[in-house]
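To start, the structure itself, in C-alpha cells.
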Amino acid sequence: MFDPIEKLKEFVRHPSVSTDPKFAAGMTGAREFVAGLLRSIGFAVEVVPTALHPVILAERGGDPKWPHVIIYGHYDVQPADPLNLWTTPAFAPEIRGRRIYGRGTADNKGPLMTHIAAVGRLLERVPDLPLRITFMIEGEEEMGSPSFPAFLAQQRDRLRKADFVFLSDTGIPREDQIVITCGLRGLVLCDVEVTGAKMDLHSGLHGGVLRNPIQALAELCASLHTPDGRVNVPGFYDDVFEVEPWERAELAKLGQSEEQYREFLGIPAFHATEGFSPFESARFLPTLEFNGIGGGYQGEGTKTVIPSKALVKISCRLVPNQTPAKIRALLYAAIRARMPADVTFRIVDQHEGMPYVVVPPGRPNTPPDQRPVLARAFRAADTAVAEVFGRPPLYLREGGSVPIIADIRRVLGLDSVMLGLFLPEDNLHAPNESFHLGVMAQGMLASEKILEAVARG
Ligand SMILES: [Zn+2]
C-alpha cells in the first residue's frame, strides 16, 4: 500500500485550479496523478471528456449481485490568491504540527485521498471483497460543476444501477464529532428592474408627477416578508418538508450557543421565524433575501434626481420538497400582482438548484421503500464512526447548497452518504488551507470499516 500522506503531498503539488486556463497543466497533472494512483490499487480507469475538464471514472467490477458504491470527489481546487497571505506556498505542501498545509488539502484532495487509501488498504487485506466500487472524480466542482449534469446523463445507464454515492466534501464542528449531512437547501435567483420615466428627471421640474421607481421597488421588497420574518408569497411554504423532533434533537446535540452566535454576527437581536431557533431557521426553513439593491445617485453630496431605473437582486434558499420552478412561478406572480401599473418592470431569471434530503433508516419519516444497501451504509457509518471517533455521527441538514447531490438524485436516482471530514479551522477557499492528519487517519479507518460492512451485509 502507498503512503497516503506522501501521496497527498504529491497530489497537492499539482496546481489544479479549474477556473483559470493558466492552470491547464496543473489540471492535467492532478488528473493523471489520480488516474495512476487508482490503477495502482487495481482499478480500470477511464478519463471521460466533457465540455471542459474531464471526469475520472474508475471501476472495480465484480459479480452484478454485489452491492455497488460510487465514491465521489473532485480533483480541482480554488485559486490560491491572495498569495502573500500564505505562510508557505500554496502548492508546496508542508506538515506543521498535526496538519498538512496547501491549497486543496481539505477541499477536496485530503478527504478524497482518505477514501482512496481506505479502499486500497481494504482491498489489500480482503482481495476478494464482494463489493463493486466506482470512483467518480470531477474537475469542475469549484466552478459550479457546469459539465457534470451532462456527464451524468451520458453515463446514466452505467451508473444508475449502483446502490448509493459515498463522499466527503462537507464539514464537522470538532475533531471528535462527525456529521453526516442529510439535507441541503436549493436556490432560485432573479433580478427585478423597475423603470419610471425613460430618462433621469429633475425632481423640481417633475417631482410629484410620477411614481419614483425606487419607491415602487422598495414597496415591493417590503411586501415580500411579514413582520414575523416569514416570506409573504402565497403558496411559498406549501411543499416545505416538515422538521421532525429527531432532527431538532440532533441539532441540539451540537451544543451551539445562541448568545455567542449573536455576538459573532454583531447584531442586537435575532429575527428568526417564530417556533424556530436561529440554528433551526438556517437549516430547516426556506428564505427570501435581497442580495443587492440600487438606483439613482449614490455619489458624494446630493443630486435632486428622480432616477429612471431601480434594481434589486433576489435569492431564495429552498428546502425539500420545494422546487425551483414552482417557487419561481409563485414569486413572479406575487411581483406582477403587486407592482403598480404606473411603472414598467422586467424580471430576469438567474440560476437555480434543487434542494435535497435523505432520511437515515429507523426514523419516523424514513421512506418505507429505502434501498436496503443505502440503509446498511448508514447503519455501518453509525457503528464505524462511533468505534473510531468515540461517538456516533450526527445527522444534520445544512443551510448551504451542493447542486451536484440533487443532480445525482435527479439523473441517477441515487442518494448520497455525506461523511463530513473538514473542520471550521481548515480555511477552505482561503489562504493557509490545511487538513487535520488525525481526522484523515481516523477517516481512513472509518471509511474502510463502512465499505467492508456494506460488502458483507
Ligand atoms: Zn469541495
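Summary of values
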| quantity | calculated |
| --- | --- |
| Sites residue 160 and residue 276 - FRET efficiency at Förster radius 41 Å, r taken between beta-carbons, to 0.05 | 0.65 |
| Integer Hz, Karplus 6.51/-1.76/1.60 couplings in order for region 361-378, x for Gly and Pro | x, x, 9, x, 10, 5, x, x, 9, 4, 4, x, 5, 5, 4, 5, 5, 5 |
| Extension gain, residue 337 back to residue 297 (0.36 nm per residue minus Cα-Cα distance, nm) | 11.6 nm |
| Rg/Rg_ref, the chain, where Rg_ref = 2.2 N^0.38 Å and atoms are Cα | 1.10 |
| Contour minus Cα-Cα distance for residue 323 and residue 128 (0.36 nm per residue) | 65.8 nm |
| Ranked by how many other beta carbons lie within 10 Å on average, peptides 138-148, 213-223 from highest | 138-148, 213-223 |
| Å³ per residue enclosed by the Cα convex hull of region 325-450 | 184 |
| Under 5 Å, built H, 5+ apart or other chain: amide partners of residue 186 | 318, 319, 356 |
| Gain in span if fully extended, residue 193 to residue 95, counting 0.36 nm per residue against the direct Cα distance | 30.2 nm |
| Estimated vicinal HN-Hα couplings, Hz - region 231-241 in sequence order (Karplus 6.51, -1.76, 1.60; Gly, Pro = x) | 6, 9, 10, x, x, 4, 9, 3, 9, 4, 5 |
| Order by protection proxy (mean Cβ within 10 Å, highest first), peptides 401-409, 109-117 | 109-117, 401-409 |
| Helical contribution to [θ] at 222 nm, DSSP H n ≥ 4, -39,500 (n - 2.57), averaged over the chain, rounded to 500 | -10500 deg cm²/dmol |
| Whole-Å semi-axes of region 24-81's equivalent ellipsoid (Cα gyration tensor) | 25, 12, 11 |
| Cleavage-rule hits, trypsin sites (Lys or Arg not before Pro), region 314-358, DSSP coil, Cβ neighbours within 10 Å at most 13 | none |
| Kirkwood hydrodynamic radius over Cα pairs of region 363-414, then Stokes diffusion coefficient at 25 °C and 0.890 mPa s, in µm²/s | 186 |
| Where N is the number of residues in region 31-123, Cα Rg divided by 2.2 N^0.38 Å | 1.29 |
| Region 252-286: GluC sites (Glu not before Pro) in DSSP loop, at most 12 other beta carbons within 10 Å | 274 |
| Cα-projected label distance for residue 52 with residue 430, points at 7 Å along beta-carbon direction, nm | 2.5 |
| For a label point 7 Å along the Cα-to-beta-carbon line of residue 391, residues of region 177-206 with backbone N under 14 Å | 177-180 |
| Cα gyration tensor, region 101-176 - rounded (a/c under 1.5), prolate or oblate | oblate |
| Approximate spin-label separation residue 379-residue 244, in nm, with each point projected 7 Å along Cα-to-Cβ | 1.6 |
| Given charges at Cβ of Lys, Arg, Asp, Glu: the chain dipole, positive-most of 122, 362, 66 | 66 |
| Region 400-453 - Kirkwood radius from inverse mean 1/r over Cα pairs (Å) | 13.6 |
| Where only alpha carbons of region 198-297 are counted, the Rg and the Dmax (Å) | 19.7, 63 |
| Within region 1-15: backbone nitrogen closer than 17 Å to the residue 40 label point (7 Å, Cα to C-beta) | 1-14 |
| Total charge dipole magnitude, region 302-425, about the Cα centre, Cβ charges on Lys, Arg, Asp, Glu only, Debye to nearest 20 | 520 |
| Residue-wise HN-Hα coupling along region 98-103, computed from phi with Karplus coefficients 6.51, -1.76, 1.60 (Hz; x: Gly, Pro) | 9, 10, 10, 9, x, 5 |
| Alpha-carbon centroid distance for the pair region 256-323 / region 423-444, whole angstrom | 30 |
| Beta bridges per DSSP with both ends in the chain, % antiparallel, nearest 5 | 70 |
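Where a number appears in this text, it was derived from the coordinates with a stated rule and is not lab data. Treat the numbers as computed from the prediction; the structure is a model and nothing was measured. Ideal geometry is used to build each Cβ from the backbone, glycine not excepted, and the neighbour counts take in all protein chains shown.
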